[in-house]
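The values are calculated or read from the model by the stated rules, or taken from the named source; none is laboratory data. The shown structure was predicted, so the numbers you read here are calculated from the model rather than taken from an experiment. FYI the Cβ positions are ideal-geometry reconstructions off the backbone, even for glycines, and counts take in every protein chain you see. Just so you know, the surface numbers come from the protein's heavy atoms only, side chains and all, with ligands and any DNA or RNA stripped out. Shrake-Rupley method; radii C 1.70, N 1.55, O 1.52, S 1.80 Å.
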Amino acid sequence: MEIIYYGHAAFLLKGSKIVFIDPYLTDNPSSTISPQDIHECDVVIVTHDHGDHLGDAFDICKNTGAIFVSQHELACIAQEKGLKAEGMNIGGTIPVNGIDIHMTHALHTTETGHPTGVIVTMDDHSIYHAGDTGLFSDMKLISEMYHPEVSLLPIGDRYTMGITEAVKAVEFLNPTYVIPMHYGTFPLIETNPEELKKRVGEMAKVVILKPGEKFEL
Ligand code: ZN
């Protein structure tokens, strides 16, 4: 599987299916592509409705026929727009287009519904996208029950965890790989991912991706 980072919290997972999480491209100063560049997509997952996460999700679903997946209230808005949508809620798991999506808690705010994180299981790999969140100790439970191999963690501070909290999150989650996100897009969330790498040390492999770069699992 390939994990491609498009800056901020936008990740494309390319395995037997193509899954886009939080596809913020158009106004994303760090994105290397525009939504028109996405010709194939099976599932679009949105962790919460803030503009830097919902991003171009509706347009990508419209252009590619991808299924929109999010927390129930936001999925209803997608359905009202005539899109194929699967609503779910925190604690549940659903199969969509041959992949499994589990929805987790996230400590954050939203305009509609509740903020979330997701664990995507595809081709025997499991990837946890934490969404925008502060640190919470139930990350231990996420590790114990779902064993995510890769954790995508925000480190930009101010609106989410900073590096100190992300290091503790790695301890709780015990993943093989950590990919930092939600930093450096704007001056307000400028942090140094090398600092995370140094402080995580031997606990996990920290993979720092520049926008447009990919990591192969
Ligand atoms: Zn947010």
Of LEU25, ALA85, PRO175, which is farthest along the charge dipole of the range 2-211 in the positive direction, counting Lys and Arg as +1 and Asp and Glu as -1 at C-beta?
-> PRO175
Interchain or sequence-distant (5+) residues whose placed amide H lies within less than 5 Å of the amide H of LEU152 are TYR128, HIS129, ALA130, ILE179
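Using DSSP, restrict attention to beta bridges with both residues in the chain and report what percent are antiparallel, rounded to the nearest 5.
Numbers: 26 of 46 bridges.
Here the share of antiparallel DSSP bridges comes out near 55 percent.
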Leaving out ligands, DNA and RNA, what percent of the accessible area of the chain is carbon and sulfur, probe 1.4 Å?
-> 46 percent
Just how much of ILE77 is accessible, in Å², when a 1.4 Å probe is used and the result is rounded to the nearest 10?
-> 60 Å²
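Taking the Cα centre as origin and putting +1 on Lys and Arg beta-carbons and -1 on Asp and Glu beta-carbons, what dipole magnitude results for the chain, to the nearest 20 debye? The partial results should precede the final answer.
Numbers: 14 positive and 30 negative charges, 46 e Å.
Its charge dipole is roughly 220 debye.
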Rg/Rh over Cα atoms for the range 2-211, Kirkwood Rh, comes to 0.93
Relative contact order of the chain, pairs being alpha-carbon contacts under 8 Å that are 6 or more residues apart, as % = 18 percent
Using 0.36 nm per residue, how much length does the chain from GLU40 to LYS168 gain when fully extended, once their Cα-Cα distance is taken away?
-> 42.4 nm
Rounded to the nearest 500 deg cm²/dmol, what is the calculated helix-only ellipticity per residue at 222 nm for the chain, with -39500 (n - 2.57) per DSSP H run of length n ≥ 4?
-> -6000 deg cm²/dmol
Within the range 26-93, which GluC sites (Glu not before Pro) sit in a loop by DSSP and count at most 16 neighbouring Cβ atoms inside 10 Å?
-> GLU40
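Taking Rh as the Kirkwood radius computed over C-alpha pairs, what is the Stokes-Einstein D of the range 1-126 at 4 °C in a medium of viscosity 1.567 mPa s, expressed in µm² per second? Walk me through the numbers before you get to the answer.
Details: Rh = 14.2 Å.
For the chosen part, D equals 91 µm²/s.
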Quick one: among GLY98, GLY134, GLY184, which has the greatest mean-square fluctuation in a GNM of the chain with alpha-carbon springs under 10 angstrom?
-> GLY98
Of LYS14/LYS81; LYS84/LYS205; LYS62/LYS168; LYS84/LYS197; LYS14/LYS198, which sit over 31 Å apart, Cα to Cα?
-> LYS84/LYS205; LYS62/LYS168; LYS84/LYS197
Over the heavy atoms of THR112, what accessible area does a 1.4 Å probe trace out, to the nearest 10 Å²?
-> 40 Å²
Leaving out ligands and nucleic acids, note down the accessible area per residue over the range 2-211 with a 1.4 angstrom probe, in whole Å².
-> 42 Å²
Net charge over other residues, Cβ less than 11 angstrom from the Cβ of LYS81 (K, R count +1; D, E count -1) = 0
Would you mind counting up the charge near PHE172? Only other residues with Cβ under 13 Å from its Cβ, with Lys and Arg at +1 and Asp and Glu at -1.
-> -2
Gain in length, GLU111 to LYS81, computed as 0.36 nm per residue apart minus the alpha-carbon separation, to one decimal in nm?
-> 9.0 nm
